[in-house]
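Here's the structure we're looking at; comments come further down.
Throughout, read-outs are computed from the coordinates displayed, never taken from laboratory work. Given the structure is predicted, the values throughout are model-derived calculations rather than measurements. Positions of Cβ are generated from backbone atoms using ideal geometry, with glycine treated the same way; all protein chains shown enter the neighbour counts.
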Ligand SMILES: Nc1ncnc2c1ncn2[C@@H]1O[C@H](COP(=O)(O)OP(=O)(O)O)[C@@H](O)[C@H]1O
Ligand SMILES: [Mg+2]
């Protein structure tokens, strides 16, 4: 029997190419198929891609995280508040004068990552130590974390982010060409791809999702491994929070509430099994690009962009159906 | 009785109590180097518990275990593995979505040389090559080394699990009912695999089985347990199925070793 995984990777890549081809033909020349539109698509996809890398690992290992949107929001609030508080006094900020800008940005970023990782650790401990099913554990923490962020901010966006953070980093580009958001998403994706496909940690991630007891008996420290995956996913939320605050110069309470489901959809469309043990970062990249490509194409064609949701939902159903057919074929042997 | 240093495994007086149930009541076991030794007994006789003692999964209340003449006290499966004992459990403990090489090396993946290795990079090429060599040595019927183990037949899965044990074991391989779920042809190839472990690797194999014809075809000697005690150890050529069934059920009160068999309370 050939490796079914390869087939599904190829299928989903062909689907993406087909979508790009159709939009390229039906839109006026130089609109959809242009460098500036490619940049805007990648920018849209970059945050989803970063979160999806964490979800890929979790799903392969047999975990799940529904709280990533809430953790991202909470971390963004932390980043914005810390940066605003440390950069200078209110009077100085009113004059756009930030005496401690460097320190403020550094400390805020570190705090954002640590808080994200910290919430991830809470998820990990709930799922591993208390053995609460991750679906419920992270649904609950998602509610708690979002609730706390809303209470803290009175449900208002956090506004006092130093402007240079947005102008130089949020809107800035590497070599004046590639937006930082895309660069960071590319680096994160590369690191996660290497770890998953080349290292012992990656192999153990697959083994845990395939047969947790077998992995445990083979000497894999499955509890520590699973907690690490939740911590890593939480840290990725922290990274996205930093990018988000940089891009919009604010921490918004509503912006990321759909992220968990979008990321799970992207990862599953990319061929990762909901039942664990199977998946690839390359598939996740394609899965995370499809929504952004659809949205861009529909906007340019002047079709309501909400059709994107419909299309992604249909593709998700097909992907899950294919996954189940594979599992059943395997159980028959 | 042979000198203990000549034995691959020597178990003496092992007891294990679970609450009110005494699973092992001072059991003895001798396994010679390079022999296939069958462990027989009715349900509840204590076979699995004895295997778990040797695998380090169960710590006995009393008694001694010697491996190649060296006394051991296992407090966990890692201890038994370090002593060269590998076990194929009934559930096989395979990762179905991974290929055979990843299963053979699960938890013991070879590192890439140099800095990459220290960073946790795995040498997949070496894994695949060693797995192929090893499987060929055991003459296993696994052709596609890239296929997921989950997509393979029951016999092939069993072969992967047995090959893994043979790969890492250096003192004893244990198998709990390896052919219970298999058809005729697949049973045949697993029995052949067990013989090859003995002949190619020179390793002793402890085989739990309920299938007496299989035992007669593959085993060199056997031990029968009843109610947590050894009631018989014999060469397969010296006993008949009837002898073994008698020993297992207790119909025979005098065993060929001359010991008085335990009477049920
Ligand atoms: N973990 C356990 N807890 C309680 N009783 C057990 C446990 N394991 C085995 N036993 C009991 O010990 C006895 C021997 O069991 P076992 O070693 O599994 O026998 P066999 O494998 O020969 O069928 C049985 O009466 C069984 O119920
Ligand atoms: Mg048993």
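Looking only at the range B:21-42, which residues are surrounded by fewer than 18 Cβ atoms within 10 Å (Cβ to Cβ) and within 15 Å of ligand 2 (Cβ to nearest atom)?
The answer is B:21, B:42.
Looking at this structure, is residue B:45 within 16 Å of ligand 2 (Cβ to nearest atom), closer than 19 Å to residue B:166 by Cα, buried (at least 22 other Cβ atoms within 10 Å of the Cβ) and touching a residue at least 60 places away in the same chain (Cβ under 8 Å)? Can you show your working first?
Values: within 16 Å of ligand 2 (Cβ to nearest atom): yes; closer than 19 Å to residue B:166 by Cα: no; buried (at least 22 other Cβ atoms within 10 Å of the Cβ): yes; touching a residue at least 60 places away in the same chain (Cβ under 8 Å): yes.
It is false that residue B:45 is within 16 Å of ligand 2 (Cβ to nearest atom), closer than 19 Å to residue B:166 by Cα, buried (at least 22 other Cβ atoms within 10 Å of the Cβ) and touching a residue at least 60 places away in the same chain (Cβ under 8 Å).
Could we say that residue B:106 is farther than 18 Å from residue A:204 by Cβ, touching a helix residue (DSSP H, G or I) at 6+ places or on another chain (Cβ under 7 Å) and crowded, with 16+ Cβ neighbours inside 10 Å here? Walk me through how you get there before you give the answer.
Values: farther than 18 Å from residue A:204 by Cβ: no; touching a helix residue (DSSP H, G or I) at 6+ places or on another chain (Cβ under 7 Å): yes; crowded, with 16+ Cβ neighbours inside 10 Å: yes.
No, not satisfied.
Every residue, every condition in (1) in contact with a strand residue (DSSP E or B) (Cβ under 6 Å, 6 or more places away or on another chain); (2) within 13 Å of ligand 1 (Cβ to nearest atom), yes or no:
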| position | (1), (2) |
| --- | --- |
| B:45 | yes, yes |
| B:55 | yes, yes |
| B:59 | no, yes |
| B:68 | no, no |
| B:75 | no, no |
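With B:152, B:174 as the choices, which residue is within 16 Å of ligand 1 (Cβ to nearest atom) and touching a helix residue (DSSP H, G or I) at 6+ places or on another chain (Cβ under 8 Å)?
Working: B:152 fails: within 16 Å of ligand 1 (Cβ to nearest atom).
Testing whether each residue is within 16 Å of ligand 1 (Cβ to nearest atom) and touching a helix residue (DSSP H, G or I) at 6+ places or on another chain (Cβ under 8 Å) leaves just B:174.
If I filter the range A:163-184 for residues that are surrounded by 18 or more Cβ atoms within 10 Å (Cβ to Cβ), touching a residue at least 60 places away in the same chain (Cβ under 8 Å) and touching a strand residue (DSSP E or B) at 6+ places or on another chain (Cβ under 6 Å), do I get at least one hit?
yes
Select, from B:165, B:159, the only residue that is more than 11 Å from chain A (Cβ to nearest Cβ), more than 16 Å from ligand 2 (Cβ to nearest atom) and closer than 30 Å to residue B:66 by Cβ. Talk me through it step by step, then tell me what you get.
Details: B:159 fails: closer than 30 Å to residue B:66 by Cβ.
Sole residue among the options that is more than 11 Å from chain A (Cβ to nearest Cβ), more than 16 Å from ligand 2 (Cβ to nearest atom) and closer than 30 Å to residue B:66 by Cβ: B:165.
Among the residues of the range B:131-145, what is the count of those that are away from every other protein chain (no Cβ under 14 Å) and loosely packed, with under 14 Cβ neighbours inside 10 Å?
In the first step, residues of the range B:131-145 are kept if they are away from every other protein chain (no Cβ under 14 Å); the result is B:132-141.
From what's left, loosely packed, with under 14 Cβ neighbours inside 10 Å: B:133, B:136, B:139.
The number of residues fulfilling the criteria is 3.
When residue B:92 is evaluated against the numbered criteria (1) buried (at least 22 other Cβ atoms within 10 Å of the Cβ); (2) more than 16 Å from ligand 1 (Cβ to nearest atom); (3) under 30 Å from residue A:203 (Cβ atoms); (4) in contact (Cβ under 8 Å) with a residue 40 or more places away in the chain, which criterion, by number, is the only one it fails?
Only one criterion is unmet by residue B:92, namely (1).
Just for strands (runs of 3 or more DSSP E) wholly inside the range B:11-130: which have at least 1 residues that are over 30 Å from residue B:241 (Cα atoms) and away from chain A (no Cβ under 12 Å)? Reasoning before the result, please.
On the way: elements: B:21-31, B:36-40, B:62-67, B:70-72, B:85-88.
The qualifying strands (runs of 3 or more DSSP E) are B:62-67, B:70-72.
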